[in-house]
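Step one of this worksheet: look at the structure below.
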Amino acid sequence: MAGQSTKYSPIPNDDADIEKASMISYVGGSLRRTRRRRPLVVLLLCGAISLIFLLAAFLTYSYNLPSTLSGTDYVYGDWAGDNSEYNSFMIQDDPTHVVIQAVDVNVTPPAPLLQPLTTRPPLDQLIEYYAHGTLNFTHQSKRPQVDLVTLFVNASSEYFAFAKNKKSEEEGLGSLKKQSHHWRDNGELRGGLRSFALSLRERLRTIHVVSAAFDFPDDERPVLPDDIEGDTDRWQLGQIPEWLDWASPGNVQWHFHSEIFRLPRDEDGSLDHAIADVNEEEWRSLSLPNFNSFEIESRLPFVNDLSPNFILSNDDMFLMRQLSLADFHHPLLGPMLRPEPGLKVGFKLIPEHKSTPGEWGGLNHANILIGQRFVYRDRWYLTHMPKAMTQAITQESEVMFAKVFTEAATRCFRESRRGRADVEMAWLWTWLQIERWREALLWTWAVARLGGEDGMIGEREKNEIRDALGLRKGEEYDEKEILIKVTRAERETFKDVEKYTDEAGWEHPLATRLMHTSLDAEYHRDGGKPDPNIVDGQRICRMEIARCFPEGFFSTEDEYSAVEVFKLLAFLGDGRCGDCMTEALLGKSGKRALSAFLPSVDAVFFPPSTEAPQWSRPEPMLPLTPTWQEADFSMEANVRTGQDAWEGFEPRSDGGVNMRAWTVKLLSRYAYVYARTESRFNMIHNVKELNGDTKAMDESKTLAMACINDDVDKPENAPAVQVAMREWMERRFGEDSEFVKWEKSFPWS
């Protein structure tokens, strides 16, 4: 292959280039809802004649309930259980709710955390690629499928309104009527799910949808058939869309809030030490029902049966053309991240943003959390489109920020005044991926390579650093004044990626341009602004020796702790020391790979026999603390026997760990790509805007992703928008398809 592929581009010179339930029938049995009565009254009613029974049902119930519920017998259909872990009943005359049994936290454990990433190539191939930049495939690799995760809400449900008003009163927030359009259902989920199925086809494994379930109003409880066991108080009304075939949902898995609103527990069932004093049932009573999408997303690590790589989307997002898995995730290079360089997220929380319906309070709070764990700096906003995610990162975050997330989850509305602020989860997860890579890369070099088994940096290791920075041993200089200029190395990481992709049998992206890979280190620039670090056409970085290394580091023959040197480089100030050191080491690694960072082939470490006090980890990870200051970055605290094992790579019989294998496995957990995909964000206020935007999208041959955001604030405009939206989705995505397996026959509008 000659030259560069248009799909795999080198680092751009300008930021503007990164743009723009099977059914078991109960014969003659039904469920109905009735007022809770004293046992004697219940006994008398059970023996009453049918006329009296019907009269009682008619007169039952009037306390503070939606008017359409008063005096109604609700007849429940058959068992439906294939869809989820729930015992559930369908409601014959209400296709928008099912009766489900909420998860009992004292019986059902949460989904396990800190699971291995299983979609990478074999370890020997990864080591070859990370060390030398080459790959030799002896057979084609597996093509993993991907899952889709999205949320669903329908504000037109009277149960929703009843529960929302009750919860907002509990939090002292009033009615929140002005924000009702944020929960309005225009049928977007139906079109959105279809768009993903039609675009990704057999590549889409499971669609996970998360929605609310509401307690029965205080005056009512379901009356269950005699052969149904369970605490009546645990039965709830779960929200589903009217077109969903609940009894036969195909590849859709439905998750209600009671399943995923869990606290992080280790394998032995213990809570994370940061929240050890939290009563989970009391916490759930504060957090549920929840109407805050940020905090609902914070519980997604507890979704069961989630694929290692998944796509996080909103119900108003659509795929507009055929895409491949590589438009979201590459097996070798990682997830496709889509930043918006022209817009930065700061790390100061403005008080007026703490309890508003917008996103900036959650964004700023997320950056504060990332800053306190890594370095404080402004970070790019992300395009408001479907996002590539890894289960590994979401689960790590749940442990790392357990205390903050637990508190934030009690914010049932964005207007809530509980805790510090919301946390914008998709943004945090994306930047956690980026920062974990940077941390792992510097740790690999400073602690695993230079420090080695004794953890110290002596004269030999100092000479290696001098060589990377262009310093000469014995040269007279004042460490307090010297400023090192490091020119960025020219890299060719993308050059043969297309060839390797073909040889491995992976897919190429169909609508995505790869702009930058983590294997070429971080890439921070201000979109559209001149870069002060471009000198004579070359990008340089400036490194102050006195700031970036311990005092006397180069002028004495003293040994220094590798961990302490790592901390200075990785976390000092705004991170420039570590960024510049990384640039220098990339230069020593050549045009490809990371050879200058990696430990030697025969580097072996023998972990201590005692295990860390909490969190079993099947593969390499660095500390999961909320701040770097409280973390122990020593090899003894992080490297565990067997973590270098992989398919085709057996661990040593003597308990030693091959550190090259360990560090490559660590790095590949966090690899990522900055990517660009043509997308369109539509803010809709009326039907005229909607029709104009959908027409423009239909006429585009290259548009790949779209979001249609309902911002209709005038109630009189909403019905027309809803009709037009459903008509457009039926035209665009309503075709019959073998990949749409979850719908029952139901009109679009």
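The values are calculated or read from the model by the stated rules, or taken from the named source; none is laboratory data. Just so you know, these numbers come straight off a predicted model, no measurement behind them. When we count neighbours, we look across all protein chains shown, and the Cβ atoms used for this are built from the backbone with ideal geometry, even at glycine.
Couple of notes before you dig in:
- Some residue of region 358-381 being touching a helix residue (DSSP H, G or I) at 6+ places or on another chain (Cβ under 8 Å), of a type outside the set (Val, Ile, Thr), part of a strand (DSSP E or B) and within 29 Å of Gly573 (Cβ to Cβ): yes
- Criterion: in contact with a strand residue (DSSP E or B) (Cβ under 7 Å, 6 or more places away or on another chain) and surrounded by 23 or more Cβ atoms within 10 Å (Cβ to Cβ) - qualifying residue of Ala446, Ala388, Ala408: Ala388
- Yes/no for Met705 being modelled with pLDDT of 95 or more and over 26 Å from Ser156 (Cα atoms): yes
- Among the residues here, Asp713 does not qualify as surrounded by 17 or more Cβ atoms within 10 Å (Cβ to Cβ) and either of a type in the set (Val, Ile, Thr) or outside any strand (DSSP E or B) (or both).
- There is at least one residue in region 146-160 that is in contact with a Phe, Trp or Tyr (Cβ under 6 Å, 6 or more places away or on another chain) and in a helix (DSSP H, G or I).
- The combined condition, being buried (at least 22 other Cβ atoms within 10 Å of the Cβ), touching a helix residue (DSSP H, G or I) at 6+ places or on another chain (Cβ under 7 Å) and acidic (Asp, Glu), is not fulfilled by Glu461.
- Filtered residue count, region 200-235, keeping only those that are in contact with a helix residue (DSSP H, G or I) (Cβ under 7 Å, 6 or more places away or on another chain), modelled with pLDDT of 90 or more and not in a helix (DSSP H, G or I): 6
- Leading residue by the ranking (farthest from Leu288 (Cα to Cα)) among those in region 129-142 that are buried (at least 17 other Cβ atoms within 10 Å of the Cβ) and of a type outside the set (A, V, I, L, M): Gly133
- Trp506 being within 30 Å of Thr627 (Cα to Cα) and either buried (at least 19 other Cβ atoms within 10 Å of the Cβ) or in contact with a His (Cβ under 6 Å, 6 or more places away or on another chain) (or both): no
- Candidates are the residues of region 716-743 that are part of a helix (DSSP H, G or I) and of a type in the set (Asp, Glu); the one that is surrounded by the most Cβ atoms within 10 Å (Cβ to Cβ) is Glu730.
- Within region 113-145, tally of residues that are in a loop (DSSP other than H, G, I, E, B) and either within 28 Å of the chain's Cα centre (by Cα) or more than 20 Å from Tyr672 (Cβ to Cβ) (or both): 21
- Taking the criterion of being touching an Asp or Glu at 6+ places or on another chain (Cβ under 7 Å) and under 21 Å from Leu572 (Cα atoms), the residues of region 606-662 that qualify are Leu622, Pro623, Leu624.
- Pairs with Cβ under 9 Å, 6+ apart, first in region 724-738 and at pLDDT 95 or above and hydroxyl-bearing (Ser, Thr, Tyr), second surrounded by fewer than 16 Cβ atoms within 10 Å (Cβ to Cβ) and part of a helix (DSSP H, G or I): Ser737/Arg201
Matching residues to (1) outside any loop (DSSP other than H, G, I, E, B); (2) of a type outside the set (Asp, Glu):
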{"residue": "Ala546", "(1), (2)": "yes, yes"}
{"residue": "Glu551", "(1), (2)": "no, no"}
{"residue": "Leu569", "(1), (2)": "yes, yes"}
{"residue": "Gly573", "(1), (2)": "no, yes"}
{"residue": "Cys577", "(1), (2)": "yes, yes"}
{"residue": "Cys580", "(1), (2)": "yes, yes"}
